[in-house]
Each structure stands twice: as C-alpha cells, then as structure tokens.
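Below is one structure, written out as structure tokens; comments come after it.
Since every read-out is calculated from the coordinates, none of them should be taken as a lab result. Since the structure is predicted, the reported quantities are computational estimates derived from the model, not experimental observations. No Cβ is skipped: glycine too gets one built from the backbone with ideal geometry, and neighbour counts run over all protein chains shown.
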Amino acid sequence: MEIKLRKQDEDTLEVVASGKIDIDSAVEYGTKISDAVEDNEIKNVILDFAQITYISSMGLRVILELHQKMSNLGTMKIKNASEQILNIFKMTGFSKFLNIV
C-alpha cells in the first residue's frame, strides 16, 4: 500500500492511499495518519478512497479509531469511495456515523 499525506492548509490533512486496507497495511495506515495529526496539530482529515480497492475488518477498526480520535479534535471525511467500499460501510453501520462525501 502506498500512502501519501498532504497538508491542504494549516490544519487540514489529506490522505491519498492506494490498494487494500487489510491486516497487512491497516496498522501502518492508521499510525501514519495519527502521527501526522499529532505532529502537525491537524484538526481536519480527509481520507481519499479513490484508489482503495478493499477494506477488511482490521481496516474498519483503524477507520473507527481515527474517527473517534478526530471527533475529539475536529473532523474526518471520506471522499471518492467506490460502490464496493460504500456497501461495506453500509452493511457494517459505519455509514451512519462516518462523514462520507
């Protein structure tokens, strides 16, 4: 999995990743984002899912943890998710509390 972090402005971080968020990549994905949020006093995170092809239960756990963290600091949005990923969010109930644009 390739993960790119880009600051859009002073307190907004955009995360562009490609591939699968699964047992092999989920921890790295979550850690990179959490570290960037803490190190740069980020208040808003945008997760660009345009190139995410799969998310496992471990990936969902990382998304939940990031959502909880960002709920205390600011906002987290998910954009460009595929129909497959959107269906996973719907089936698991994540679409009820995630900000998906």
Provide the per-residue ³J(HN,Hα) series for region 69-82, in order, calculated from phi with Karplus coefficients 6.51, -1.76, 1.60 and θ = phi - 60°, each as a whole number of Hz, with x at glycine and proline positions. 4, 6, 4, 7, 9, x, 9, 9, 10, 10, 10, 6, 6, 6
Per q in 0.13, 0.21 Å⁻¹, report the Debye log10 I(q)/I(0) for the chain, using one uniform scatterer on each alpha carbon and no solvent. -0.39, -1.09
Once phi is turned into θ = phi - 60°, what whole-Hz ³J(HN,Hα) does the Karplus curve with 6.51, -1.76 and 1.60 give for every residue of region 63-68, x standing for Gly and Pro? 4, 4, 4, 5, 4, 4
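Treating the beta-carbon of each Lys and Arg as +1 and of each Asp and Glu as -1, no other charges, what is the dipole magnitude of region 52-101 about its Cα centre, to the nearest 20 debye? Intermediate values should be presented prior to the final figure.
On the way: 6 positive and 2 negative charges, 20 e Å.
Dipole magnitude for region 52-101 comes out near 100 debye.
Compute the length gained on full extension between Val101 and Ser82: take 0.36 nm times their separation in residues and subtract their Cα-Cα distance, giving the result in nm to one decimal. Display every interim value, and only then the final one.
Details: separation 19, 0.36 × 19 = 6.84 nm, distance 1.15 nm.
Answer, rounded to one decimal: 5.7 nm.
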Full-stretch length increase - Ala50, Thr75 - with 0.36 nm per residue and alpha-carbon distance subtracted: 7.1 nm
Suppose every K and R has +1 on its Cβ and every D and E has -1 on its Cβ; what is the size of the dipole of region 2-100 about the Cα centre, in Debye to the nearest 20? 420 debye
Any residue on another chain or 5+ positions along whose placed amide H is under 5 Å from the amide H of Val45 is listed here as Leu13, Thr75, Met76, Lys77
Folded to 0 to 90 degrees: helix 26-40 orientation relative to the chain principal axis, Cα: 20 degrees
Work from the charge dipole of the chain (Cβ charges, +1 for Lys and Arg, -1 for Asp and Glu, about the Cα centre) and give the residue of Ile55, Phe94, Ser18 farthest towards its positive end. Phe94
Taking amide H positions as placed 1.01 Å from N in the peptide plane, with prolines and chain starts having none, which residues 5 or more places from Asn99, or on another chain, fall under 5 Å of its amide H? Ile78
What is the distance, in nm, between label points placed 7 Å from the Cα along the Cα-to-Cβ direction at Asp39 and at Lys90? 3.8 nm
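Rounded to the nearest 500, what is the chain's calculated 222 nm mean residue ellipticity when only DSSP H runs of at least 4 contribute -39500 (n - 2.57) each, over all residues? Walk me through the numbers before you get to the answer.
Numbers: 3 runs with 42 residues, N = 101.
Taken over the chain, the calculation gives -13500 deg cm²/dmol.
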Amide H to amide H under 5 Å from Ser18: which residues, 5+ apart in sequence or cross-chain, H placed 1.01 Å off N in plane? Glu2
Aspartates and glutamates within cross-link reach of Lys20: Cα-Cα under 17 Å, excluding same-chain residues under 8 positions apart? Glu2, Glu28, Asp48, Glu83
